[in-house]
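The structure under discussion appears below in the form of structure tokens.
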Amino acid sequence: MLVLFETAAGYAIFKVLDESKLQEVDCIWKEFETPEKANKVVKLKHFEKFQDTTEALAAATALVEGKISKNLKKVLKKIAAKEAHEQLAIADAKLGGVIKDKVNLGCVHNAMVTELMRGIRNQIDGLITGLSTREMAAMSLGLAHSLSRYKLKFSPDKVDTMIVQAISLLDDLDKELNNYIMRCREWYGWHFPELGKVVTDNLAYCKCVRAVGDRVNFTSFDLSEILPEEVEAEVKAAAEISMGTEVSEEDINNILHLCDQVIEISEYRTQLYDYLKNRMMAIAPNLTVLVGELVGARLIAHAGSLLNLAKHPASTVQILGAEKALFRALKTKKDTPKYGLIYHASLVGQTAPKNKGKISRMLAAKASLAIRYDALGEDTNAQLGVETRAKLEARLRHLEEKGLKRISGTGKAVAKADKYQHKSAVRTYNPSADSTLPWTGKRKFEEVEQEEEEEEQPVVKEKKAKKTKIEPVEVEVEEAEEEAEVEETPKKKKKKKKEIKTEVEEEPLEEEPTTSTADQPPKKKKKKKKKVKQEEEEEDE
């Protein structure tokens, strides 16, 4: 049996001299107590030394990934050509499968092989001749450092640690800058209070103070490089009539040192922002295009890493940063928050308040896809982010214009406007409004009568119109009856005609605009006809 043992100096292949001593797994360690005992069990057959640390790193990386390096493949082919019947004991079962496929050499991996490897490692100095202990320790240390650096460089979990640290430092710098500038304004405000109202920019304020110093020097100092002409004129005019107190040179010097700190921190913050911008475009380009550098970096820092952020669903990305409000809302059974850190994205910021919830939900859904593409995809371009942002902007325009114009069902037809109908109302002069006496809640009887008459006029017109429509029918009924009967007592017939008219005229006034009784009037007319005939027959008798 052959044993493949990997070291920091090279590949070592041992031959097992007595396999009977390896039958009892628990007693193998006794055979490797001393170098003499170890040499009786195994013997070095071949040692392939690495040329430099780069070759050692490549070989170690291949072994970790379960692959065969070029040097190892050459060595195994030599062994396979000479002793093809021998089995090869290896420490990694995955590597054994690869060796069997590539070299066609049988491999063994079990508990006995593990104990054998442990024994060889304890007595490696006595088994491999030509390598000193100091040289072996130096090679092991160098390979360990190189391997750790390689893993850190190409690990997807560790690349974004630069972004996490940069955004955290940027937030700390902003806090410190605010404190320093506030202290500087308050400190120098005792000497020149009007300067803080005229110069609103914090960096320009500190530069002015640092360049001029005492208030008296503002009138003769040229500030054209720091301030515009109009603001410079206002500052000089305010310096002549300032109400500030006089301060000593020592106070001015301390204020100037503080201004130096503010200017230096501001410049460093600008450099740090540029660095963060470049790192975000290199690591998460699609997320950067969608939400911006700062918001994307804060999302990554809040999740811990880009890979952890890619595991979150879109609903979590939407409220990431508002966990406190979320749990408070769940506890009190109120509305949950609509957005967290994503609220500061430019797409959400330019939206109307009523549409912020919709846009943040859509943006979180697209951002989660962009994060997964950046974290797990092979491409490093921002094409997905650009296309997604264009769709979101189109959706945003649609939501903003939705309240301004109506869109038909097809989305192509032009919206129709309703016809304008002018309704004029004639108003008469109200003489009671001229009275200066307090109103008691009662009105004159004459005014009330006039208003009632005005309200009744349109109703009377409608009734008359209805009467005119019904009268022709009544006349026809009466004429038909007159022709059928014998003419008797013309006076009585005239009275009957009048009675019929009055009855027919009164009924439409009682039953007007009900839809359910629209078909009933013709039936009532027949009944009336029958009643009229009966009355006429009784009178004839």
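Based on what the data block shows, is residue 117 open to solvent by 50 Å² or more (accessible area, probe 1.4 Å), among the hydrophobic types (A, V, I, L, M, F, W, C), in contact (Cβ under 8 Å) with a residue 12 or more places away in the chain and assigned to a helix (DSSP H, G or I)?
Values: open to solvent by 50 Å² or more (accessible area, probe 1.4 Å): no; among the hydrophobic types (A, V, I, L, M, F, W, C): yes; in contact (Cβ under 8 Å) with a residue 12 or more places away in the chain: yes; assigned to a helix (DSSP H, G or I): yes.
It is false that residue 117 is open to solvent by 50 Å² or more (accessible area, probe 1.4 Å), among the hydrophobic types (A, V, I, L, M, F, W, C), in contact (Cβ under 8 Å) with a residue 12 or more places away in the chain and assigned to a helix (DSSP H, G or I).
Let's see how each residue does on (1) hydrophobic (A, V, I, L, M, F, W, C); (2) closer than 20 Å to residue 125 by Cβ:
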site: 29; (1), (2): yes, yes
site: 38; (1), (2): yes, yes
site: 43; (1), (2): no, yes
site: 56; (1), (2): yes, yes
site: 64; (1), (2): yes, no
Among the residues of region 277-287, which ones are polar (S, T, N, Q) and open to solvent by 10 Å² or more (accessible area, probe 1.4 Å)? 278
For residue 247, indicate whether it is hydrophobic (A, V, I, L, M, F, W, C), at pLDDT below 90, under 16 Å from residue 188 (Cα atoms) and open to solvent by 80 Å² or more (accessible area, probe 1.4 Å). no
Just give me the residues in region 281-316 being at positive phi and over 14 Å from the mean Cα position of the chain (by Cα), in sequence order. 304
In region 243-266, which residue that is among the small types (Gly, Ala, Ser) and not in a helix (DSSP H, G or I) is nearest to residue 199 (Cα to Cα)? 244
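Based on this model, can you work out whether residue 75 counts as open to solvent by less than 90 Å² (accessible area, probe 1.4 Å), in a helix (DSSP H, G or I), in contact with a His (Cβ under 7 Å, 6 or more places away or on another chain) and aliphatic (A, V, I, L, M)? Quick ask: steps written out before the conclusion?
Working: open to solvent by less than 90 Å² (accessible area, probe 1.4 Å): yes; in a helix (DSSP H, G or I): yes; in contact with a His (Cβ under 7 Å, 6 or more places away or on another chain): yes; aliphatic (A, V, I, L, M): yes.
In short, yes.
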Within region 166-180, does at least one residue satisfy the condition of being touching a Ser or Thr at 6+ places or on another chain (Cβ under 8 Å), of a type in the set (Phe, Trp, Tyr) and under 22 Å from residue 247 (Cα atoms)? no
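Please state which one of 12, 38, 58, 8 is in contact with a Ser or Thr (Cβ under 9 Å, 6 or more places away or on another chain) and in contact (Cβ under 8 Å) with a residue 24 or more places away in the chain.
8
Would you please name the residue that is most open to solvent (accessible area, probe 1.4 Å), looking only at residues in region 78-102 that are among the charged types (D, E, K, R) and more than 21 Å from residue 61 (Cβ to Cβ)?
Let us first name the residues in region 78-102 that are among the charged types (D, E, K, R), namely 78, 82-83, 86, 92, 94, 100-102.
Keeping just the survivors that are more than 21 Å from residue 61 (Cβ to Cβ) gives 78, 82-83, 86, 100.
Working: 78: 126, 82: 166, 83: 36, 86: 31, 100: 124 Å².
By that ranking, first place goes to 82.
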In this structure, is residue 260 under 30 Å from residue 373 (Cα atoms), at pLDDT 90 or above and of a type in the set (Asp, Glu)? no
Residue count for region 212-242, restricted to those that are open to solvent by less than 60 Å² (accessible area, probe 1.4 Å), of a type in the set (Asp, Glu) and part of a helix (DSSP H, G or I): 1
Selected residue (criterion: most open to solvent (accessible area, probe 1.4 Å)) from residues of region 180-211 that are free of Cβ contacts under 8 Å to residues at least 24 places away in the same chain and in contact with a Gly (Cβ under 6 Å, 6 or more places away or on another chain): 185
Close pairs (9 angstrom Cβ cut-off, 6 or more residues apart or separate chains): without any contact (Cβ under 8 Å) to a residue 24 or more places away in the chain and open to solvent by 30 Å² or more (accessible area, probe 1.4 Å) in region 315-344, of a type in the set (Asp, Glu) and assigned to a helix (DSSP H, G or I) anywhere: none
Tally up the residues in region 358-383 that are open to solvent by 60 Å² or more (accessible area, probe 1.4 Å) and among the aliphatic types (A, V, I, L, M), please. 2
Check 177, 141 and return the single one that is crowded, with 17+ Cβ neighbours inside 10 Å and either more than 25 Å from residue 270 (Cβ to Cβ) or within 41 Å of the chain's Cα centre (by Cα) (or both). 177
Of a type in the set (Ser, Thr, Tyr) and farther than 16 Å from residue 9 by Cβ: which single residue out of 129, 114, 54, 133 fits that description? 114
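For residue 355, are the conditions met, namely being part of a helix (DSSP H, G or I), modelled with pLDDT under 95, among the polar types (S, T, N, Q) and more than 22 Å from residue 171 (Cβ to Cβ)?
On the way: part of a helix (DSSP H, G or I): yes; modelled with pLDDT under 95: yes; among the polar types (S, T, N, Q): yes; more than 22 Å from residue 171 (Cβ to Cβ): yes.
Taking the combined requirement at face value, the residue satisfies it.
Regarding region 159-166, can at least one residue be identified that is within 28 Å of residue 308 (Cβ to Cβ) and at pLDDT below 80?
Going through region 159-166, the residues within 28 Å of residue 308 (Cβ to Cβ) turn out to be 159-166.
Those left that are additionally at pLDDT below 80: 159.
Within region 159-166, one or more residues are within 28 Å of residue 308 (Cβ to Cβ) and at pLDDT below 80.
Name the residue that is farthest from residue 294 (Cα to Cα), counting only residues in region 250-276 that are polar (S, T, N, Q) and open to solvent by 60 Å² or more (accessible area, probe 1.4 Å).
To start, the set of residues in region 250-276 that are polar (S, T, N, Q) comprises 253-254, 261, 266, 270-271.
Filter once more, keeping what is open to solvent by 60 Å² or more (accessible area, probe 1.4 Å): 253-254, 261, 270-271.
Details: 253: 36, 254: 34, 261: 24, 270: 13, 271: 14 Å.
The selected residue is 253.
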For residue 105, are the conditions met, namely being closer than 17 Å to residue 15 by Cβ, open to solvent by less than 60 Å² (accessible area, probe 1.4 Å) and free of Cβ contacts under 8 Å to residues at least 40 places away in the same chain? yes
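Taking region 53-72 on its own, how many of its residues are surrounded by 14 or more Cβ atoms within 10 Å (Cβ to Cβ), part of a helix (DSSP H, G or I) and under 49 Å from the mean Cα position of the chain (by Cα)?
Number satisfying all stated conditions: 10.
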If I filter region 12-35 down to residues being at pLDDT below 80 and either polar (S, T, N, Q) or within 57 Å of the chain's Cα centre (by Cα) (or both), which single residue comes out as farthest from residue 46 (Cα to Cα)? 23
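The values are calculated or read from the model by the stated rules, or taken from the named source; none is laboratory data. What you see is a predicted model; the values in this text were computed from it and never measured. As a convention, Cβ positions derive from the backbone with ideal geometry for all residues, glycine included, and neighbour counts pool all protein chains shown. The accessibility values were calculated without ligands, DNA or RNA, using every heavy atom of the protein model including side chains. Shrake-Rupley method; radii C 1.70, N 1.55, O 1.52, S 1.80 Å.
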